[in-house]
1. Taking residue 80, is it surrounded by 13 or more Cβ atoms within 10 Å (Cβ to Cβ) and within 11 Å of the chain's Cα centre (by Cα)?
2. Can residue 62 be described as in contact (Cβ under 8 Å) with a residue 12 or more places away in the chain, more than 21 Å from residue 95 (Cα to Cα) and surrounded by 17 or more Cβ atoms within 10 Å (Cβ to Cβ)?
3. Return yes or no: is residue 115 more than 16 Å from residue 9 (Cβ to Cβ), in a strand (DSSP E or B) and modelled with pLDDT of 90 or more?
4. Please determine whether any residue of the stretch 84-105 is surrounded by 12 or more Cβ atoms within 10 Å (Cβ to Cβ), within 25 Å of residue 33 (Cβ to Cβ) and touching a residue at least 40 places away in the same chain (Cβ under 8 Å).
5. Restricting to strands (runs of 3 or more DSSP E) lying wholly in the stretch 1-106: which have 2 or more residues that are modelled with pLDDT under 95 and under 20 Å from residue 120 (Cβ atoms)?
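The values are calculated or read from the model by the stated rules, or taken from the named source; none is laboratory data. This one's a predicted model, so the numbers in the text were calculated from it and none came from an experiment. A quick note on method: Cβ atoms are made from the backbone with ideal geometry, for glycine too, and the neighbour counts reach across all protein chains shown.
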């Protein structure tokens with residue numbers, strides 16, 4: 001389980017809760033096979049300890065990606081935008097517009113990359 005509070009942040013957001021059940025539709029790394037749509041998946045992409053010459057790091061900069069999968073693009077955009085609004089007050093959105101169509105699953109994927117700075 002990740003140390004990023006993404007699950008807790010999205011679960012507390014009323015706009016997200018109105019769109020999906022976070023407990024069953026938000027997954028870290030990979031969604032279980034045949035997860036009902038729409039759902040979200042997030043994963044840590046990279047990280048960097050913010051070190052000092054005179055002491056160890058007191059913050060970690062962690063880059064993550066969140067992707068929404070839905071049956072239609074409008075639903076995917078709506079959920080991605082709600083997730084972005086919920087998370088952007090706590091992290092920096094770097095790439096706000098990842099757009100894909102998954103030909104094998106026939107799902108629309110919308111997402112973003114972001115950085116979260118966590119105090120140690």
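1. Values: surrounded by 13 or more Cβ atoms within 10 Å (Cβ to Cβ): yes; within 11 Å of the chain's Cα centre (by Cα): yes.
Answer is yes for this residue.
2. Details: in contact (Cβ under 8 Å) with a residue 12 or more places away in the chain: yes; more than 21 Å from residue 95 (Cα to Cα): no; surrounded by 17 or more Cβ atoms within 10 Å (Cβ to Cβ): yes.
So residue 62 fails the test.
3. Working: more than 16 Å from residue 9 (Cβ to Cβ): no; in a strand (DSSP E or B): yes; modelled with pLDDT of 90 or more: yes.
So residue 115 fails the test.
4. No: zero hits.
5. Values: elements: 26-28, 39-49, 59-70, 92-102.
Those strands (runs of 3 or more DSSP E) span 39-49, 59-70.
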